[in-house]
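Worksheet for the structure shown next.
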Amino acid sequence: MKPSVGYPNSASPTSRASWWNTPNALSLLRILLTPILVVILLTALRGLEFWALGIFWVASLTDLLDGYLARQRDQQTRVGALLDPLADKLLVCSVFIAFVELRLVPAWIVTIVVSRELFVTGLRGIASSDRAVLSARWLGKLKFVLQVATISLIILAHRYRGFWGEVADVSLWVMLGVTLLSMADYVKVFIQGRWTHG
């Protein structure tokens, strides 16, 4: 299996495309939408659940679009490789922290989620210092999809409770399990990459 830690050469994506492009602009938009979403959430969601859900879905959609456009337009850059996951982490971690404030999710679960995101960011920083890129893994992508689903269900459960609350609880536990598996996967790939290229 080809390692996910790769070193750029003279034909690197950065040399073929400026860092200021549509995919990176979408990542920046996701970052800008995050504080707006948090403010709405911290109004205790009274009558604003669907506004919060809509903004969250728009922000999540930009994650799909920026990756797709970067590949289709050959606009994959080193900045984008770092900015895209950073925007994801800011969005997800901010929302989960807001959920703790609203007493919708236990603090210890959010601590694990946030710690995983910071840990993987640290691995990417180490790889970047050696002019390498720790690419996104399929478990990481699955984790993000489950986070989007879980957050959406928690927002719905806050309004409707009952069935939605039960589904949100199940989704939360599944997301937590995949989060831990994803962290272990990144550690494995990082170590393998270091041995391969060190």
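For residues in region 28-66 being under 17 Å from the mean Cα position of the chain (by Cα) and at pLDDT below 85, which is surrounded by the fewest Cβ atoms within 10 Å (Cβ to Cβ)?
LEU64
Among the candidates LEU118, LEU139, LEU123, single out the residue that is touching a strand residue (DSSP E or B) at 6+ places or on another chain (Cβ under 8 Å), assigned to a helix (DSSP H, G or I) and over 20 Å from ILE55 (Cβ atoms).
Selected residue: LEU123, the only one of LEU118, LEU139, LEU123 that is touching a strand residue (DSSP E or B) at 6+ places or on another chain (Cβ under 8 Å), assigned to a helix (DSSP H, G or I) and over 20 Å from ILE55 (Cβ atoms).
Kindly indicate the residue of region 161-198 that is surrounded by 13 or more Cβ atoms within 10 Å (Cβ to Cβ) and among the aromatic types (Phe, Trp, Tyr) and also modelled with the lowest pLDDT among those meeting that condition.
PHE190
The values are calculated or read from the model by the stated rules, or taken from the named source; none is laboratory data. Only a predicted model underlies this, so the values are computations on that prediction, with no experimental measurement involved. With ideal geometry, Cβ positions are generated from the backbone for all residues, glycine too; neighbour counts draw on all protein chains shown.
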